[in-house]
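Below is one structure; the comments refer to it alone.
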Amino acid sequence: MAYQFAGTGRAAVDYRLVTSLLDARRHPARRLAALYHERWEAEAVFAELKTCRRGARVVLAGKTPDGVCRQIWAHLLVHWALRELMLETAAARRLDPDRISFTEPLRSARRSVIVTPGSFSP
């Protein structure tokens, strides 16, 4: 499936999209191209979870399978809370939520939490 992006200020370039969605009436190339862009936004969320939220070199500290599961759930809940904050910020500013940086609310949350070493176990 071939398509072009219009209005990019660049010379027209044909792009090829390989897909198993073969019914062009149900899945027009333009719509698939737009969805492909959305897919990369989802990939950015996965990157947030893998590296930004917990840090590139942090290893899960749970000593049992149950402890690891609890720690993963905790990471997911904090990520959800940060994403909710981003959504509220975008709504207040009348912006697309995808235009709000993830790292800013993350830094803000980290600055607002004070943890005394040894005050709780993972």
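The values are calculated or read from the model by the stated rules, or taken from the named source; none is laboratory data. All of these numbers come straight from a predicted model, not from anything done at the bench. Using ideal geometry, Cβ is built from the backbone for each residue, glycine included, and neighbour counts are taken over all protein chains shown.
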Hits in the range 75-122 (condition: at positive phi and at pLDDT 80 or above) | Arg94
Close pairs (6 angstrom Cβ cut-off, 6 or more residues apart or separate chains): surrounded by 10 or more Cβ atoms within 10 Å (Cβ to Cβ) in the range 30-47, outside any helix (DSSP H, G or I) anywhere = Leu32/Leu17; Ala33/Tyr3
Please list, ordered by first then second residue, the pairs with beta carbon atoms under 7 Å, 6 or more apart or interchain, first in the range 62-90 and closer than 14 Å to Ser101 by Cβ, second part of a helix (DSSP H, G or I) and among the small types (Gly, Ala, Ser).
-> Leu82/Ala109
